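The values are calculated or read from the model by the stated rules, or taken from the named source; none is laboratory data. It should be emphasised that the depicted structure is a prediction, and the values quoted were computed from it without experimental measurement. In this analysis, Cβ positions are derived from the backbone assuming ideal geometry, glycine residues included, and neighbour counts consider all displayed protein chains.
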Amino acid sequence: MNFEFSSDQMLLKDQARKFLESEESVKKAREVLEGEQTHDESLWESVIEMGWTATTIPEEFDGLGLGYLELCVIAEELGRSLAPTPFSSSVYLATEALISLGSNEQKQSYLPKLATGEIIGTLAHTESTSSPSVENLTCELNGNKLNGTKIAVTDGDIANFAVVSAKEGEKAVLCLVDLSTKGVEITSQNTLDPSRSHASINFKDAEADILGADVDGWIALQEILDRAAVLFAFEQLGGAEACMNMAKEYAMGRFAFGRPIASFQAIKHKIADMYIAVELARSNCYFGAWALSTDAPELPTAAATSRVSASKAFHECSKENIQTHGGMGFTWEFDCHLYYRRCRQLAANIGSQAVWKNKLISSLERANQI
């Protein structure tokens, strides 16, 4: 396979980077961390004005009708700049669920508003720290009434609606829930990265609509997560590369014993290891982008591979970036901890490393059996 982004897509990536730098996205992430906000409203409005929330939404629903590859390059730059917005929850998860599973009526109701940023969506699928499975689902849908609790819902305290996994009898389903409706109780949760808010949501006879009535809800959920995993991996790739560059620039400008510390072998090897991790993650992310854009049967394997490698690269680079900065790396004033916080948050956002490693093993086993 010989995959590369087109010149237009690379131009979009370059413009996205310049835009986010001009918006001082990293500075705004720090302001959210130090303040009481859940996200930066001005940056979110600017992202909406750029049309990014409408990227993959079909034109018939007021979207741009672009592909996943355009969304991948945007995701990478959002990750590089630590954008404190609900973009991933609303676009990678909620919008994707509606595009792939929604009825025409549901699409007409939700997608135009998602495209213009009038509403924010999220995915609520986590109920415990144990490995997710159909058997572990405790949320129940009876008729159109939903009962149960979801935890660690990213942007759950600012979203207008959620796509929720539940059991209906013996089968798993996905449903749409207006979070302002009666019977929904939202509790904000503190996390390591306050620039991405989280909440637990309790449903007590909350009104819900089935999403994808004729599909297996659990399989549909896994397909949504596979597609989102590639996009999250690009965010992690952008963050990892930003950490590597921060470490390199600091090492070249920091002098010890009359020499830049970048000339010391131990620092050279540290940054070289970061570069290897980033490039390995990039190759796997490109594999994921190819599989995602072509709807290839290898998508489950590509998604898990890109997710695992990008998570590892971001962790390695954010950790070693702190170490390269020495004592200064542990201070509040430097941005190193902002990236480490985002690294840990993204690593658990749609399932832990253990979950995605197990997914990778399972997908490889299935491939070998065919």
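When the residues of segment 325-350 are narrowed to those that are assigned to a loop (DSSP other than H, G, I, E, B) and not aliphatic (A, V, I, L, M), which ends up surrounded by the fewest Cβ atoms within 10 Å (Cβ to Cβ)? Restricting to residues being assigned to a loop (DSSP other than H, G, I, E, B) and not aliphatic (A, V, I, L, M), the top hit is E333. Applying a threshold of 6 Å to beta carbon distances and a minimum spacing of six or more residues, or different chains, the list of pairs starting in segment 174-191 at a residue that is in contact (Cβ under 8 Å) with a residue 12 or more places away in the chain and ending at one that is of a type in the set (K, R) and surrounded by fewer than 16 Cβ atoms within 10 Å (Cβ to Cβ) reads G183/K204. Of the strands (runs of 3 or more DSSP E) contained entirely in segment 138-244, those carrying at least 2 residues that are buried (at least 16 other Cβ atoms within 10 Å of the Cβ) and under 19 Å from the mean Cα position of the chain (by Cα) fall at 145-154, 161-168, 198-207. Among the candidates L98, L11, L69, L93, the residue that is among the aliphatic types (A, V, I, L, M) and surrounded by fewer than 17 Cβ atoms within 10 Å (Cβ to Cβ) is uniquely L11.
Here's the yes/no breakdown for (1) touching an Asp or Glu at 6+ places or on another chain (Cβ under 7 Å); (2) of a type in the set (G, A, S); (3) at pLDDT below 95:
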| position | (1), (2), (3) |
| --- | --- |
| M328 | no, no, yes |
| D335 | no, no, no |
| L338 | no, no, no |
| A347 | no, yes, yes |
| I350 | no, no, yes |
| Q353 | no, no, yes |
| L360 | no, no, yes |
| S363 | no, yes, yes |
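Just one of the numbered conditions (1) part of a helix (DSSP H, G or I); (2) out of contact with any helix residue (DSSP H, G or I) (no Cβ under 8 Å at 6 or more places or on another chain); (3) closer than 23 Å to G351 by Cβ; (4) not acidic (D, E) is not true of P297: (1).
Please find, within segment 96-123, the residue that is nearest to A162 (Cα to Cα) out of those that are hydroxyl-bearing (S, T, Y), assigned to a helix (DSSP H, G or I) and touching a residue at least 60 places away in the same chain (Cβ under 8 Å). Looking at residues that are hydroxyl-bearing (S, T, Y), assigned to a helix (DSSP H, G or I) and touching a residue at least 60 places away in the same chain (Cβ under 8 Å), I get Y110. Of the residues making up segment 159-201, those that are of a type in the set (D, E, K, R), more than 25 Å from K28 (Cβ to Cβ) and in contact with a strand residue (DSSP E or B) (Cβ under 8 Å, 6 or more places away or on another chain) are K167, E168, D178, K182, E185.
Here F5 meets the list (1) under 18 Å from F87 (Cβ atoms); (2) surrounded by 15 or more Cβ atoms within 10 Å (Cβ to Cβ) almost entirely, failing just condition (1). Listed by first and then second residue, the pairs with beta-carbon distance under 7 Å, at least 6 apart or on different chains, first residue in segment 39-57 and assigned by TED's automatic domain parsing to the domain that holds S90 and over 26 Å from L101 (Cβ atoms), second assigned to a helix (DSSP H, G or I) and hydroxyl-bearing (S, T, Y), are L43/S25.
Please tell me if T126 is touching a Lys or Arg at 6+ places or on another chain (Cβ under 7 Å), under 26 Å from L299 (Cα atoms), in contact (Cβ under 8 Å) with a residue 12 or more places away in the chain and not in a helix (DSSP H, G or I). Yes; evaluated as a whole, the condition is true for this residue.
One residue stands out in segment 14-55 among those that are more than 20 Å from R341 (Cα to Cα) and polar (S, T, N, Q): the one that is surrounded by the most Cβ atoms within 10 Å (Cβ to Cβ), namely T53.
Only residues that are assigned to a helix (DSSP H, G or I) and surrounded by 14 or more Cβ atoms within 10 Å (Cβ to Cβ): list them for segment 252-264, please.
Start the filter on segment 252-264 by keeping residues that are assigned to a helix (DSSP H, G or I), which leaves 252-253, 261-263.
Answer for segment 252-264, where residues must be assigned to a helix (DSSP H, G or I) and surrounded by 14 or more Cβ atoms within 10 Å (Cβ to Cβ): M252, I261, A262.
Of all residue pairs spaced 6 or more apart or on separate chains, those with beta-carbon atoms under 7 Å, a first member in segment 11-25 that is of a type in the set (D, E, K, R) and a second member that is surrounded by fewer than 20 Cβ atoms within 10 Å (Cβ to Cβ) are E23/S46.
For E77, the conditions (1) at pLDDT 95 or above; (2) in a loop (DSSP other than H, G, I, E, B) are fulfilled apart from (2).
Results for (1) in a loop (DSSP other than H, G, I, E, B); (2) free of Cβ contacts under 8 Å to residues at least 24 places away in the same chain; (3) crowded, with 22+ Cβ neighbours inside 10 Å; (4) not hydroxyl-bearing (S, T, Y), shown as yes or no for each residue.
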| site | (1), (2), (3), (4) |
| --- | --- |
| A266 | no, yes, no, yes |
| I276 | no, yes, no, yes |
| R282 | no, no, no, yes |
| A291 | no, no, yes, yes |
